[in-house]
1. What number of residues within the range B:50-63 satisfy the criterion of being outside any helix (DSSP H, G or I) and either away from chain A (no Cβ under 13 Å) or under 14 Å from the mean Cα position of the chain (by Cα) (or both)?
2. From the list A:Ala91, A:Ala50, A:Ala14, A:Ala35, pick out the single residue that is under 30 Å from B:Asn52 (Cα atoms), surrounded by 13 or more Cβ atoms within 10 Å (Cβ to Cβ) and of a type in the set (Gly, Ala, Ser).
3. Select, from A:Ala105, A:Ala159, A:Ala130, A:Ala154, the only residue that is under 30 Å from A:Arg23 (Cβ atoms) and not charged (D, E, K, R).
4. Go through B:Asp102, B:Asp108 for me and flag whichever is among the charged types (D, E, K, R), within 7 Å of another protein chain (Cβ to nearest Cβ) and either within 23 Å of A:His116 (Cα to Cα) or buried (at least 20 other Cβ atoms within 10 Å of the Cβ) (or both).
5. Considering every residue within the range A:126-143, establish whether at least one is under 17 Å from A:Gly36 (Cβ atoms) and either within 7 Å of chain B (Cβ to nearest Cβ) or surrounded by 19 or more Cβ atoms within 10 Å (Cβ to Cβ) (or both).
6. When the range B:92-137 is examined, which residues are found to be within 16 Å of the chain's Cα centre (by Cα) and of a type in the set (Val, Ile, Thr)?
7. Inside the range A:76-161, counting only strands (runs of 3 or more DSSP E) that do not spill past its ends, which hold 1 or more residues that are in contact with a Gly (Cβ under 6 Å, 6 or more places away or on another chain)?
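Each value in this text was obtained by applying a stated rule to the coordinates, not by laboratory testing. Remember, predicted model here, so these are calculated numbers, not experimental data. Cβ: placed from backbone, ideal geometry, glycine included. Neighbour counts: every protein chain shown.
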Number of protein chains: 2
Amino acid sequence: MLGNSYDSQVCSIARALELVGERWTLLILRNALFAGSTRYGEFQRSLGIATNVLKDRLDGLVAAGIMDRRPLSEQPDLHEYVLSQKGRDFAPALIALTEWGDKWAAPDGAPILYRHATHGSAVTVEVHCAECGSLEDLIEVRALPGPGMPPDRAERITARLGMASTRAASA
Amino acid sequence: MLGNSYDSQVCSIARALELVGERWTLLILRNALFAGSTRYGEFQRSLGIATNVLKDRLDGLVAAGIMDRRPLSEQPDLHEYVLSQKGRDFAPALIALTEWGDKWAAPDGAPILYRHATHGSAVTVEVHCAECGSLEDLIEVRALPGPGMPPDRAERITARLGMASTRAASA
C-alpha cells in the first residue's frame, strides 16, 4: 500500500494508476482492447494468469466502470467482460507505453505491431500542440496548474516554476 | 512479485512496466519531465515521499538507464538526477495517462494542464494512422505479431485473430 502520502497526490496520473496501475490489470486491458478478448477463459489462456488473480482483477475493472460484465446470450450462466467507453479510452495510453517499450526494452524488435484494420497501416501515438501540430521535442512542454488543483498547491507550483525559469535564464 | 507467468509476457507494455510500473516511480518521472525537478530535495518536497522509498526509486531509475546521476558542479558531494533520452521518451505515455485520468477520474477538472512553452498552447496525445491521420475511433486498431514475437506464439495469436474475425463476421 502506498499510504496517505501517495493518496494526496493531486494528479490525473496518480488517479489513473489508482484504477489501472497494476501490471496484470494493464495486460488484461491490452488483450481486451487489441485482441478482442471478452471471456474469462480467453484471458486465462492468453495470459497464463492464476485464476484467483484473474477473477480479482476482472472484478476490479468492473467495479471501476472500465468493463461491464454481461451474461452471454447463448449461455446466460456464463458472462463476458466488455470494455466500457472508460475502458476503450485507455487505448492511447497503452499504445504509448508499448512504443516506449519497443524502443527501449525490445532487443529482438517489437513483439506487437499496431495496425489500422481498414488499411493495415501503422498506428502510432503523437504528441500534438494546438499551434504547431506534431511535436518532436517535448522539452518545451510544461505542466501548469489546472482548474482541479487546490489553490494553495497551485500557488506553490507556480512559484516553483517561476524559480525554475529564473534559474534557467541565469544559467 | 508477479512470478514467472508475468515474466513470460512477450510484450512491450509488460517490459515497460517492469522498468517503470510502480506508482512512485511514475510520479518521480512526471516531476522530472514536466516540473524540471533534478535534486533529491525537490522530489522529496514536492512528492512528500519517504526518504528511503525515494532513494530506492531513484537508484532504480539510474540502474534502468532512465536517469543519470551527476555530481553538482557547485557542490560535488551532492548529486542531481537528470533524465536520459530513455527517460525523456517516456513523456508521451505520461501525457496519455494524464488525459485518461483527466477525463475519467478528475471530478474537479484537470489538476495539471500541459502547455507548449513557446505558445502556451494545449499539448495533447493523438493516435495517428499512417494512412488516415488522426484516429478518433480506435475500435479498428489491431495488435498483430511483430518481429520480436517468438514464431510459435505469433502463430497462436494469428490463429486467434483469424477466429475472432470469423466470429465477428458471422455475428
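1. Of the residues in the range B:50-63, 0 are outside any helix (DSSP H, G or I) and either away from chain A (no Cβ under 13 Å) or under 14 Å from the mean Cα position of the chain (by Cα) (or both).
2. Checking each option against the conditions leaves just A:Ala14.
3. A:Ala105
4. Just one listed residue meets the conditions, B:Asp102.
5. No - not one qualifying residue is present in the range A:126-143.
6. B:Ile95, B:Thr98, B:Thr124, B:Val125, B:Val127
7. A:112-116
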